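The values are calculated or read from the model by the stated rules, or taken from the named source; none is laboratory data. No experiment lies behind these values; they were computed from the predicted model shown. No Cβ is skipped: glycine too gets one built from the backbone with ideal geometry, and neighbour counts run over all protein chains shown.
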Amino acid sequence: MTSARVAPAEGEAIVTQSLPLEEVARADARPQFRQGLPSPVQVGLTLGATGIAFATSLASLSAGLPQRVTLGALGLVPLISLLLAVGIALRRRRPEPDIHDRYLDYILGLALLGTATAAMWFLPGSMSIFFWSWRLDMVWLPLFAAGAVTLVCGVRAAWRYRVPIVFLFLAWPLPYVAAHLSRGLGAASIAAIGLAVLAVVVLPRRRRIIARHTYPRGDSSRGRAGGGLIAVGLVCAAAILTTVADRQLQTAAPLLEADGQPKLAAISRPASSIDGLVRTTASGAPTTLPSWGSRANHESYRYGGSQATLPGTGNASDAGIVVDVLAPGDGRELALSPTGLAALQGYRLEASRADDLGAGVGGHVERYLAPGGRMSLLVVWWDWPVRAAAGAQRERIIVERLVPLDLKAPRGDDLLHFARQLVASMVAEASTAP
């Protein structure tokens with residue numbers, strides 16, 4: 001074994017006392033939180049983006065005044081929510097979650113913001129007019145606001161303003177309509193809830209001794225952990241996309257009241273003439289057409305005439321275009337789609353697609369091979385809400401036509417044009433009705 005001896009001069013060294021590694025990392029990280037837009041600018045951008053994104057929906061809240069006091073009072077909900085936010089901003093800070101993580105801000109913010117934007121874009125196409133009838137746009141408003149606040153201002157700010165954000169859910173008209181609240185009671189309930197929440201949030205409370213984290217002077221990271229230009233750009237892009245989708249409410253407005261309730265009456269009668277085709281009662285409709293349900297609350301009409309614009313509809317022996325209007329009281333007959341009913345009766349589906357019929361209505365365009373293999377059945381059908389004595393009900397309109405297979409490329413485009421004219425005529429009649 002060998003040993004070595006180190007001289008005292010070589011073994012001694014002066015080491016300066018340094019901060020722990022945790023404190024060094026914290027000191028390097030805190031200046032990053034100070035980077036960002038000033039708090040007033042962040043709040044202004046967030047409020048502006050949310051207001052622009054849902055401008056059409058917010059403007060429709062007060063459209064019920066003065067006939068519908070309860071639904072017109074829903075316009076007070078955004079104003080009360082804004083007052084709540086101002087009161088929270090002015091009051092003394094209270095203990096908050098000790099979160100200073102921009103990655104968490106982006107994860108939660110993008111999840112909320114992306115979900116609200118995607119719902120406004122894709123749900124109206126899949127749910128048709130029912131999305132606006134149920135006023136689901138007002139459900140996504142608070143989620144959009146929460147995502148914008150989280151992305152721009154941070155998770156701590158979203159937690160601080162949780163009461164105003166949740167309060168926005170009270171602007172959804174459907175619960176008030178389902179509860180059948182009277183005019184005065186509904187408006188008084190909204191005002192009372194708003195004043196109570198304002199009093200709880202704004203009025204000062206007794207001071208309590210609470211242990212809080214202390215930060216060195218000059219560290220303004222508290223409440224300033226939020227966003228830069230990237231976050232603002234994402235929020236602005238989402239606001240632009242959402243406001244384009246939100247404007248579809250204007251196209252659906254002729255079919256709906258201000259609160260989303262239908263204007264059309266149950267078992268609506270189609271127009272007397274469309275594109276030169278005259279409406280008659282389809283009492284002598286051929287048995288080759290499928291049956292779509294029982295005759296209770298079910299009306300059928302036939303369109304034909306010498307001035308027909310579709311091939312074969314001018315022939316007296318041709319069935320022409322048959323329009324079935326189904327509005328069963330309990331809605332059980334509408335649970336099965338026409339595709340399933342036709343398949344049960346021997347019709348084979350050959351093509352199917354969804355298309356826009358106007359006025360916010362989405363329809364289904366389908367082509368079937370009739371039993372026997374000699375005829376094709378062209379069908380355009382859609383559902384929409386109607387006004388009945390028992391309340392809003394769902395009504396189904398089925399436009400159908402049999403064409404011989406010898407016609408070249410039998411498609412539903414001509415029938416789709418007829419269906420759009422039919423929707424436009426029924427919407428126009430509903431708009432002029434008292």
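Matching residues to (1) on the phi > 0 side of the Ramachandran plot; (2) surrounded by fewer than 17 Cβ atoms within 10 Å (Cβ to Cβ); (3) at pLDDT 50 or above:
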site	(1), (2), (3)
R208	no, yes, no
S220	no, yes, no
G226	no, no, no
I230	no, yes, yes
L234	no, no, yes
A238	no, no, yes
T242	no, no, yes
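Answer with yes or no whether E333 is at pLDDT below 90 and either surrounded by 14 or more Cβ atoms within 10 Å (Cβ to Cβ) or in a helix (DSSP H, G or I) (or both).
For E333, the condition - at pLDDT below 90 and either surrounded by 14 or more Cβ atoms within 10 Å (Cβ to Cβ) or in a helix (DSSP H, G or I) (or both) - is met.
Taking region 127-156, which residues are among the charged types (D, E, K, R) and in a helix (DSSP H, G or I)?
Those that are among the charged types (D, E, K, R) and in a helix (DSSP H, G or I): D137, R156.
Exactly one condition in (1) buried (at least 20 other Cβ atoms within 10 Å of the Cβ); (2) farther than 26 Å from I267 by Cα is false for A351; which is it?
(1)
For G125, all conditions in the list (1) of a type outside the set (D, E, K, R); (2) touching a strand residue (DSSP E or B) at 6+ places or on another chain (Cβ under 7 Å); (3) surrounded by 15 or more Cβ atoms within 10 Å (Cβ to Cβ) hold save one; what is the number of the exception?
So the condition that G125 fails would be (3).
Residues to consider are P290, P311, P286; find the one that is surrounded by 14 or more Cβ atoms within 10 Å (Cβ to Cβ), out of contact with any Lys or Arg (no Cβ under 9 Å at 6 or more places or on another chain) and modelled with pLDDT under 80.
The unique qualifying residue is P311.
Considering only residues of region 335-376 that are of a type outside the set (G, A, S) and in contact with an Asp or Glu (Cβ under 7 Å, 6 or more places away or on another chain), which is farthest from S126 (Cα to Cα)?
Only one residue fits best here, namely L369.
Among the residues of region 366-406, which ones are part of a strand (DSSP E or B), under 23 Å from F130 (Cα atoms) and of a type in the set (A, V, I, L, M, F, W, C)?
Once the filter is applied, which keeps residues that are part of a strand (DSSP E or B), under 23 Å from F130 (Cα atoms) and of a type in the set (A, V, I, L, M, F, W, C), region 366-406 yields V379, V380, W381, W382, W384, V386, A388, A392, I397, I398, V399.
With the condition being more than 30 Å from V177 (Cα to Cα) and modelled with pLDDT of 80 or more, I'd like the helices (runs of 4 or more DSSP H) fully within region 27-113 carrying at least 3 qualifying residues.
In region 27-113, the matching helices (runs of 4 or more DSSP H) lie at 39-53, 76-90.
For region 143-152, indicate whether the set of residues that are closer than 30 Å to K263 by Cβ, of a type outside the set (G, A, S) and either more than 19 Å from the chain's Cα centre (by Cα) or modelled with pLDDT of 85 or more (or both) is non-empty.
Yes; the residues of region 143-152 include at least one that is closer than 30 Å to K263 by Cβ, of a type outside the set (G, A, S) and either more than 19 Å from the chain's Cα centre (by Cα) or modelled with pLDDT of 85 or more (or both).
Among the listed residues L181, L185, L123, which satisfies the condition of being over 20 Å from A59 (Cβ atoms) and outside any helix (DSSP H, G or I)?
L181
Determine whether G412 is crowded, with 22+ Cβ neighbours inside 10 Å and modelled with pLDDT under 90.
yes
Take region 293-308 and flag every residue that is among the small types (G, A, S) and modelled with pLDDT of 55 or more.
G293, S294, A296, S300, G304, G305, S306, listed by residue number.
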